[in-house]
1. Starting from residues that are loosely packed, with under 15 Cβ neighbours inside 10 Å and either closer than 26 Å to residue 217 by Cβ or among the charged types (D, E, K, R) (or both), keep the ones in region 135-165 and report whichever is modelled with the lowest pLDDT.
2. Could you tell me which of the residues 330, 319, 337 is closer than 23 Å to residue 374 by Cα, in the same structural domain as residue 277 (by TED's automatic domain parsing), in a helix (DSSP H, G or I) and free of Cβ contacts under 8 Å to residues at least 40 places away in the same chain?
3. Could you pull out the residue among 246, 203, 179, 189 that is at pLDDT below 85 and more than 30 Å from residue 128 (Cα to Cα)?
4. Check region 203-213 and report whether any residue there is crowded, with 20+ Cβ neighbours inside 10 Å, touching a residue at least 60 places away in the same chain (Cβ under 8 Å) and in the same structural domain as residue 256 (by TED's automatic domain parsing).
5. Among the numbered criteria (1) surrounded by fewer than 16 Cβ atoms within 10 Å (Cβ to Cβ); (2) out of contact with any strand residue (DSSP E or B) (no Cβ under 8 Å at 6 or more places or on another chain); (3) of a type in the set (Val, Ile, Thr), which one does residue 168 miss?
6. How many residues are more than 26 Å from residue 379 (Cβ to Cβ) and touching a residue at least 60 places away in the same chain (Cβ under 8 Å) when one looks only at region 397-437?
7. Hey, residue 371 hits all of (1) of a type in the set (Ser, Thr, Tyr); (2) within 17 Å of residue 282 (Cα to Cα); (3) surrounded by fewer than 18 Cβ atoms within 10 Å (Cβ to Cβ) but one; which does it fall short on?
8. Answer yes or no: is there a residue in region 82-99 that is surrounded by 13 or more Cβ atoms within 10 Å (Cβ to Cβ), in a helix (DSSP H, G or I) and aliphatic (A, V, I, L, M).
Amino acid sequence: MDKEKAYNTLFDSSERANMVSATPLAARMRPRRLDEFIGQRHFLGPDKLLTRMLEADRLSSLIFYGPPGVGKTSLAQVIANSSRARFHSLSAPAATVKDVRQVIADARDRLAGSATRTVLFIDEIHRFNRAQQDVLLDDVEAGVLILIGATTENPFFSVNSPLISRSTVFRFEPLSHADILQLLTTAIDDAERGLGRFNVEADERSLKYLAVMSDGDARKALTALEIAVLSQAARGPGQGSDLDQDKTVIKFNLEVAKQSIQQKTIDYDGTGDTHYDLASALQKSMRGSDPDATVYWLARMLAGGEDTRFVARRIAICAAEDVGNADPMATVLAAAAVQISEFVGLPEAQLALAQAALYVACAPKSNASASAIWQAMSDAKQQPTQRVPKHLKDSHYAAAKKAGFGADYKYPHNFKDGFVPQEYLPAGVKKRYYAPKGSGHENDIQRYLQKLQTLIQNSKPVEDGSID
């Protein structure tokens, strides 16, 4: 019997070893305790909100929101290890409403029978539809279930508002270069879970290269390191057999690092936060007259695969809204960029887009024309509807002439300077919508309007200049 038990123990140990050997380095190096967790110091650390919640064992439902590879799942597992609650994990793409209801039923029984609470971790919670999310509401609110949802998409758009209101949202940031370097160094030295059983010599430049190219993604950096080490170890004495005993020096240099990680991928979601944040940064840089920032954000959008038509529209909008009549050529160039980018496509389209964006950034600024239409639209929608003055109405049909429409209209070209004072606004609207700011071409417009205002003030009764 003892021999059978020993055999089974050995067999189980062998199975575990096989499972561990197949587990990627990034998964093996997940933190086990809160003090091993790296990054997210804005809500983790002494006196930070989440730390206080864990120390007091008063965990509420949480939503973890951020890019891949920054520790959302790892932190959920750390919480599970440090909490006295029972932990369940579901992946939203694979889970069903039945699965969720089963976890909830077990949680109720557990709470009633032993006063033990249940933590349910749902990865990619944004993949749950509204009905699936609604199943969680009552039990989350009642405290039967502590929900930890992880998502790469903005939860304020992808998660039900009632569920958001019952949870605390923590936004995860990409890991810093220093954080990535710390993870890589720890993985190299850790003989139990990392690569410490190998004799790895890594120079600082190679590790910094991985930190930069991983772009804040710990999983990507650790995967590249593992590929570099294992691929070289497999070429050593014994062709990779008995690697634990093989102490041949494995040099991890810059050339090996470059061969072990794919080309840097641009963090860009064409429909999510990154899309709108970069578009906002581009437009605000053009509005703020910073050509260097303008071309950088433009490059980020194009490198991320943004639709050139979307970029061209943003440039055209900025030209009309923020430059306006201060330099009308900005709108002309923006319109040309729209057509050219549509006609030639990338990569050449970047030239026309850059030219137009930089012109807008460097042009004098005035939003006077934009303010004019915004105010006029507001009045048109909210104020009483005003009739067209009789002298401005169309008079090109017989019934109109009989009604006297257009009879008192004065044709400006019949008068000196091509101008004659007369009312164009309806009687119920006495407002100045367009106020040129005096920058760029609007300086000329402002002087011209002032000249007309002087003519109005000095005007005397004029002979009828009406025209059919």
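1. The extreme case among them is 157.
2. 330
3. On the way: 203 fails: at pLDDT below 85; 179 fails: at pLDDT below 85; 189 fails: at pLDDT below 85.
Answer to the check: 246.
4. No, region 203-213 contains no residue that is crowded, with 20+ Cβ neighbours inside 10 Å, touching a residue at least 60 places away in the same chain (Cβ under 8 Å) and in the same structural domain as residue 256 (by TED's automatic domain parsing).
5. Residue 168 satisfies all of (1) surrounded by fewer than 16 Cβ atoms within 10 Å (Cβ to Cβ); (2) out of contact with any strand residue (DSSP E or B) (no Cβ under 8 Å at 6 or more places or on another chain); (3) of a type in the set (Val, Ile, Thr) except (2).
6. Result for region 397-437: 0.
7. Going through (1) of a type in the set (Ser, Thr, Tyr); (2) within 17 Å of residue 282 (Cα to Cα); (3) surrounded by fewer than 18 Cβ atoms within 10 Å (Cβ to Cβ) one by one, residue 371 breaks only (2).
8. Yes: region 82-99 contains one or more residues that are surrounded by 13 or more Cβ atoms within 10 Å (Cβ to Cβ), in a helix (DSSP H, G or I) and aliphatic (A, V, I, L, M).
The values are calculated or read from the model by the stated rules, or taken from the named source; none is laboratory data. Just so we're clear, the structure is a prediction, and the values are computed from it rather than from any experiment. Glycine gets a Cβ as well: all are built from the backbone with ideal geometry, and neighbour counts include every protein chain shown.
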